[in-house]
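Remarks on the structure that follows.
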Amino acid sequence: MPESRVAPASTAAPVLGTPKGLPIFVRDSAEREDIISRHPDAALVAEWLPLRANLTVIENIALVPQFRLGLSFDDAAAMGLRLLALAGRTECAALRDPDISREDRFVTKLVRGVLMTKPIILVDRPALQLPDIPYPEFLESVLAPLAGEYRNCSILDYAWNAPLYDRPDSDTSG
């Protein structure tokens, strides 16, 4: 499996704390599940929503515009590659799910969410998806360059992780 790494620093305007990357801090799983249930129109980026293991990253991404917009694979893949490029992750496009890092898996799910063109993207428990890196910094580094491609993004995280967003370079690997 590739070594984990934080995405390159973005020159885009910061998004964490804005509607393009708004943390919502919850007390417990029941509150988190309630928020998710009240947003059935959201594109969910969650650990429990897997990629198709037999498909490459770009094939997983291309499924969304192929299904939702009736595009050819080539057109859908071009859309996905453009978004992967914005996120600084094109090197994973030809890899299958078992061969990618957690960060690449997260970005793949995020790009799929962007392509769903839902009113909001909900990132569910980023610490669960990105346990070995300073994830607020990583979220900023991938959301900021993609910010022009989606309407709103909320990040569902537990209240005890709130201080990590004040110090985005904090170590979350425990």
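The values are calculated or read from the model by the stated rules, or taken from the named source; none is laboratory data. Keep in mind the model is a prediction, meaning the values are calculated, not measured. Here the Cβ positions follow ideal geometry from the backbone for every residue, glycine too, while neighbour counts run over all protein chains shown.
The residue that is nearest to Ile36 (Cα to Cα), among those in the stretch 106-158 that are among the aromatic types (Phe, Trp, Tyr) and not in a loop (DSSP other than H, G, I, E, B), is Tyr158. Looking only at the stretch 29-55, which residues are surrounded by fewer than 10 Cβ atoms within 10 Å (Cβ to Cβ) and either in a helix (DSSP H, G or I) or touching a Phe, Trp or Tyr at 6+ places or on another chain (Cβ under 9 Å) (or both)? If the condition is that a residue be surrounded by fewer than 10 Cβ atoms within 10 Å (Cβ to Cβ) and either in a helix (DSSP H, G or I) or touching a Phe, Trp or Tyr at 6+ places or on another chain (Cβ under 9 Å) (or both), then Ala30, Ser37 are the ones that fit. Go through the residues of the stretch 101-118 one by one and say whether even a single one is farther than 17 Å from Pro50 by Cβ, among the charged types (D, E, K, R) and surrounded by fewer than 23 Cβ atoms within 10 Å (Cβ to Cβ). Scanning the stretch 101-118, I find at least one residue that is farther than 17 Å from Pro50 by Cβ, among the charged types (D, E, K, R) and surrounded by fewer than 23 Cβ atoms within 10 Å (Cβ to Cβ), so the answer is yes.
Would you check if there is a residue in the stretch 46-55 being in contact with a helix residue (DSSP H, G or I) (Cβ under 6 Å, 6 or more places away or on another chain) and either within 30 Å of Asp166 (Cα to Cα) or without any contact (Cβ under 8 Å) to a residue 40 or more places away in the chain (or both)? Within the stretch 46-55, one or more residues are in contact with a helix residue (DSSP H, G or I) (Cβ under 6 Å, 6 or more places away or on another chain) and either within 30 Å of Asp166 (Cα to Cα) or without any contact (Cβ under 8 Å) to a residue 40 or more places away in the chain (or both).
Can you confirm whether the stretch 68-79 contains a residue that is modelled with pLDDT under 95, part of a helix (DSSP H, G or I) and either exposed (fewer than 14 other Cβ atoms within 10 Å of the Cβ) or among the hydrophobic types (A, V, I, L, M, F, W, C) (or both)? Yes.
Whenever a residue of the stretch 100-125 is farther than 12 Å from Ser154 by Cα, its partners that are of a type in the set (Lys, Arg), lying with C-beta atoms within less than 7 angstrom and at least six residues away or across chains, give the pairs Glu103/Arg5; Asp104/Arg89; Val107/Arg89; Met116/Arg68.
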